[in-house]
Amino acid sequence: MNKIQNNRAWWLILPMLLLVAFSAIIPLMTVVNYSVQDVFDANTRFFTGTEWFKEMLNDPALQAALLRQFAFSLTVLAIEVPLGIGIALIMPKRGWQASAVLILVTMPLLIPWNVVGSIWQIFTRGDIGLMGWSLRELGYGYNITANPVDAWATIILMDVWHWTPLIALLCFSGLRSIPDAYYQAARIDRASRWAVFRYIQLPKLTNVLVIGVLLRFMHSFMIYAEPFVLTGGGPGSSTTFLSQSLTTMAIGQQDLGPSAAFSLIYFLIILLVSWVFYTAIMNMQKDKKNEEA
Amino acid sequence: MTDSLVSTPDAVRKHAAQAAARRRRKSRSALAQWRRRGLMAAYIVFVLLPIYWLLNMSFQSNNEILGGLTLWPESFTTEHYVKIFTSPSWYMGYLNSIAYVLMNMVISILVALPAAYAFSRYQFIGDKHLFFWLLTNLMAPPAVFLLPYFQLYYTVGLFDTHIAVALAHCLFNIPLAVWILEGFMSSVPKEIDETAFIDGYSFPRFFVKIFIPMISSGIGVTLFFLFMFSWVELLLASTLTATNAQPIASVMTQTKGASGIDWGTLAAAGALTILPGIVVVYFVRNHIAKGFALGRT
């Protein structure tokens, strides 16, 4: 759509801008302020420049947490996106079943994140949890507080349970917005199921998938409450992700300078990955449009 | 079918083969449909099993929970629910959470509507950068803002109020609302605005009387997402509150006592947090099922 050039549109943006600036720019400036200083008390502080940043980037514990974070985010994306598309394709489209399935599938999304952790804690405990108990009865020594592999598998399973519905929901409504005429044309052409998916459904899903993947990446990268409740970051530090390292440092140890520097690095990584992903997808679409034209 | 009159033996054979293929296709699609239903059912069982377990626990006494694994409550009890509904520290947690979520939804949608309209209709200096900057707020990890928020709201005297949490959640909810609404608004033809202005509508009257009804399902979907992300967030919510506006999420940590975790009450409180979500999905289910394609097409 070609838009009208009109700078008075700023007036429409203004209320939103003030509110977001209040809750984004002021705190962010506080963080920047801390990140370049060493604060002893209210009156004694020293300018440290980039020292905290160097220290944080060279901290082996944080590097390990960062690697774990990437491994976790990529794993859940690789499982949730295909699974979510699959669920969206088999969800019933009409009648009461459609409403019922929609409500059931969406349920995990609307549970507070620490409750999700509690649900899985209850579900996977060896003594009182259905899953933990069954696995033990089957002869597998399942134990998330001692075995890192079990802890990882459980957290990934929990995340799949929790967030696949988002991808499924977005894809479902994306699919519903495809006019029936497209499917009729495909039927006349005797298109195979795969061809219908590849050339009709998938292109229509690109936009929702971009949003879905971006949201999923950002949220998985910020994951905090669920593993905190479920495993507390353990065993050892095998499931300690970045947010948890950060809150321990900022609230637990009150290391303002280092944790502020760490916050900024953390934020920049998310920004960079999202930006690269977004630009790559947009360029791909532009290329495709150019080819068609 | 080109010839309905089958005469030559060759054509008869061809006709029969075609009919057989049609039958095969039909039975294969019936089979596919059953497989579909089977897979869907399997997924729903996967979704419901942990929730069932939570409900199961919430209706058991703590003795039964710790005494051994029972697949359903054998001595059915509602003591945990009674405890939650009769003790103000528990039910106020729910009311506090609902209060700040509603405030956040109202604030976010009110400021996001005009902003999204501006982004979808006008070109102005810095529009693209502004939009990208908005999206970056969606990417800010709440853990980063924990400390500055605490200091900021403490300084302006809003600490431990509902509005503090509502404003803090605006950080990610306003950008999300603008993002979703902009997509919906861009699918409304611009000619509608122009016609209305020619007919003598002022901008506010046009916006409220004509434009908002046209994107009502977009507003429904947006409100759903606003509710969702504000209701589930707890890191900021519990940091910015102490006692007066404490969300249910931090009340739930009370269940960890000296004598271990009060599993029954924890399960009952968890089960009750699911309810508001179900109510909200119920209201927007038709908007979602009608289909929407987010983003710019």
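The values are calculated or read from the model by the stated rules, or taken from the named source; none is laboratory data. Since the model is a prediction, treat every value here as computed from it, not as a measurement. Counting neighbours? That spans all protein chains shown, and the Cβs are built from the backbone with ideal geometry, glycine included.
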### Summary
Inside segment A:106-128, the number of residues satisfying the requirement of being at the interface with chain B (Cβ under 7 Å from one of its Cβ atoms), part of a loop (DSSP other than H, G, I, E, B) and either of a type outside the set (A, V, I, L, M, F, W, C) or in contact with a Leu (Cβ under 8 Å, 6 or more places away or on another chain) (or both) is 2
### Query
Would you call A:Pro92 within 14 Å of chain B (Cβ to nearest Cβ), surrounded by fewer than 17 Cβ atoms within 10 Å (Cβ to Cβ) and at pLDDT 80 or above?
yes
### Task
Please list, ordered by first then second residue, the pairs with beta carbon atoms under 7 Å, 6 or more apart or interchain, first in segment A:149-175 and without any contact (Cβ under 8 Å) to a residue 12 or more places away in the chain, second crowded, with 24+ Cβ neighbours inside 10 Å.
A:Asp150/A:Ile144
### Of residues in segment B:216-258 being of a type in the set (A, V, I, L, M, F, W, C) and in a loop (DSSP other than H, G, I, E, B), the one modelled with the lowest pLDDT
B:Ala258
### Query
Residues in segment B:65-86: is at least one under 30 Å from B:His162 (Cα atoms), more than 14 Å from every other protein chain (Cβ to nearest Cβ) and aromatic (Phe, Trp, Tyr)?
yes
### Task
Would you check if B:Tyr91 is farther than 30 Å from A:Leu18 by Cβ and at pLDDT 90 or above?
no
### Message
For segment B:70-91, give me the residue count where each residue is closer than 14 Å to A:Ile128 by Cα and surrounded by 15 or more Cβ atoms within 10 Å (Cβ to Cβ).
### Response
1
### Message
Restricting to segment B:133-170, give me the number of residues that are within 27 Å of A:Gln254 (Cβ to Cβ) and touching a Pro at 6+ places or on another chain (Cβ under 8 Å).
### Response
6
#### Entry: Pair list, Cβ under 6 Å, 6 or more apart: segment B:245-261 residue surrounded by 11 or more Cβ atoms within 10 Å (Cβ to Cβ), other residue assigned to a loop (DSSP other than H, G, I, E, B) and modelled with pLDDT of 80 or more
B:Ala245/B:Asp160; B:Ala245/B:Thr161; B:Ala249/A:Pro112; B:Ala249/B:Leu234; B:Thr255/B:Asp262
### Message
Suppose we filter A:Leu77, A:Leu57 for residues that are within 22 Å of the chain's Cα centre (by Cα) and of a type outside the set (Lys, Arg); which single one remains?
### Response
A:Leu77
### Message
Restricting to segment B:109-129, name every residue that is crowded, with 22+ Cβ neighbours inside 10 Å and among the aliphatic types (A, V, I, L, M).
### Response
B:Val111, B:Ala112, B:Leu113, B:Ala115, B:Ala116, B:Ala118
### Query
Here are some residues: A:Ser243, A:Ser259, A:Ser263. Which one is within 9 Å of chain B (Cβ to nearest Cβ), farther than 28 Å from B:Trp179 by Cβ, at pLDDT 80 or above and in a helix (DSSP H, G or I)?
A:Ser259
### Message
Only one of B:Leu48, B:Leu113, B:Leu102, B:Leu71 is assigned by TED's automatic domain parsing to the domain that holds B:Trp263 and without any contact (Cβ under 8 Å) to a residue 40 or more places away in the chain. Can you tell me which?
### Response
B:Leu102
### Query
With respect to the numbered conditions (1) crowded, with 16+ Cβ neighbours inside 10 Å; (2) within 30 Å of B:Pro204 (Cβ to Cβ); (3) within 11 Å of chain A (Cβ to nearest Cβ), which one is the sole condition not fulfilled by B:Phe132?
(1)
### Task
Within segment A:80-89, track down each residue that is surrounded by fewer than 19 Cβ atoms within 10 Å (Cβ to Cβ) and either modelled with pLDDT under 85 or under 16 Å from the mean Cα position of the chain (by Cα) (or both).
A:Val81, A:Pro82, A:Leu83
